[in-house]
Amino acid sequence: MSSFMLFMTGCGSQEPQPDTMNKTAQGFHTDRTYFMATIDLSSPTKEMRNAYLEEFIQKSDIQCSQYLDRSITSTSFSQSNTGLYIALFDTVSEVFGVKPLTDTAKELYRRNEDVSYETKLAYKRALSPEIKRGVEIARERYARKLLSNRYRLIESFTLPMLAKDLEKYDRLCNYDTGLVEINNILKNAGKQKKDKVTPFSPTLKIDPETIKEKVETVTKETEEKESERNSN
């Protein structure tokens, strides 16, 4: 319960208080300083909980979008990014049968040179719309799960349970989540193709063909730049 009280700091006060968690933990955290919904921790009700949940999701989505815009366009890379990109290239190869292309992409991405840094940045910038949408899809899916709890009594979906779910919702707002999601979309497209169903259904929110085309474009452009460097 104490962790939830920290999570809820400032919700019931007249003067907004800063969110302690935002200042101490890394990654994205929804700023709850100016939330209108409040919860009386001594006697919480289902209505209080639901109002807070709905406001959290709404404002968190806006803040997450702004956070991703800054994160995706930054020039920093985490160690996990490399593994996720390599997995993405492998899936593109499996779905579209372009192994020579993706083998080249993996080789270029793994190089520990300035050229590799430029290449990583090029892939990141090219795929940023799909990565951001991947995060949104993952969070939309989890938000539906969260909102399905609105009909539960406060005794069966308690405040500590809510706090845990909202923390997970925040953790989904990151670059790696988007990469994982678009990779899963590619894998699902491949499965549908094997089942002789049109793989690029209009119901998909991210077109796998677009991902393949962007990987192909960046790879070819990088090869051309390397050829020009070697010839000079």
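What follows is calculated from the coordinates using simple rules that are stated; it is not laboratory data. The model shown is predicted, which means the values in this text are computed figures rather than measured ones. Cβ sites come from the backbone with ideal geometry, for glycine too, and all protein chains shown count toward neighbours.
Points to keep in mind about this one:
- Calculated FRET efficiency, LYS225 to GLU47, Cβ-Cβ distance, R0 = 41 Å: about 0.10 to the nearest 0.05.
- For ARG133, net neighbour charge (Lys/Arg +1, Asp/Glu -1) across residues whose Cβ lies under 11 Å away: -2
- At most 10 other Cβ within 10 Å, DSSP loop - GluC sites (Glu not before Pro), region 64-157: GLU113, GLU155
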